[in-house]
Amino acid sequence: MTKSPSPPEVPQPEAAPQAEPAPEASPSPKAAGMPPDALSLVTTCLNLLAAKAWETMGLIPNPSTGKLEQKLDEAQLAIDAAASLADLVRPRLADTARREVETLIANLRINFVEQKSKAT
């Protein structure tokens, strides 16, 4: 894979990660000329952490080097932080966005376990 996703897109897991648009928390404040609301900021942070987790699991290339690098301790921290943010925003999301976030966290965790078992 030669193209890494740019936030707020995050790749889908399994054998070949694919990019998926981030769930929309609210209408784009940028389009309205307003600063983003807290929910949009937290959702963006969640997606940045998810992208870092994919990268540090070695499933997508590091955007700086273009190389696959595996740092499972960093991946675990990014996944745990993303899951914590998901818990905070879950009650405020629409059903579709909530399912997307839950699927994202589940896929990150599944892929982490797979990568960890390959590393040992």
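The values are calculated or read from the model by the stated rules, or taken from the named source; none is laboratory data. This is a predicted model, so every value here is computed, not measured. Don't worry about glycine lacking a Cβ; one is built from the backbone with ideal geometry, like all the others, and counts go over all protein chains shown.
Given the criteria within 12 Å of the chain's Cα centre (by Cα), modelled with pLDDT of 95 or more, not polar (S, T, N, Q) and not in a loop (DSSP other than H, G, I, E, B), does GLU55 qualify? Judged against the criteria, GLU55 is a match.
Counting only residues that are of a type in the set (Asp, Glu) and more than 14 Å from the chain's Cα centre (by Cα), segment 61-86 holds 2 of them. Inside segment 29-52, residues that are assigned to a helix (DSSP H, G or I), farther than 26 Å from ARG109 by Cβ and among the aliphatic types (A, V, I, L, M) make up a count of 2.
Taking LYS67, is it among the basic types (Lys, Arg) and either part of a helix (DSSP H, G or I) or surrounded by 13 or more Cβ atoms within 10 Å (Cβ to Cβ) (or both)? Answer is no for this residue.
Got a number for residues in segment 108-120 being surrounded by fewer than 20 Cβ atoms within 10 Å (Cβ to Cβ) and in contact (Cβ under 8 Å) with a residue 12 or more places away in the chain? Within segment 108-120, residues that are surrounded by fewer than 20 Cβ atoms within 10 Å (Cβ to Cβ) and in contact (Cβ under 8 Å) with a residue 12 or more places away in the chain number 5. The residue list ALA94, ALA106, ALA82, ALA86 contains one member that is out of contact with any helix residue (DSSP H, G or I) (no Cβ under 8 Å at 6 or more places or on another chain) and closer than 19 Å to ALA38 by Cβ, which is ALA94.
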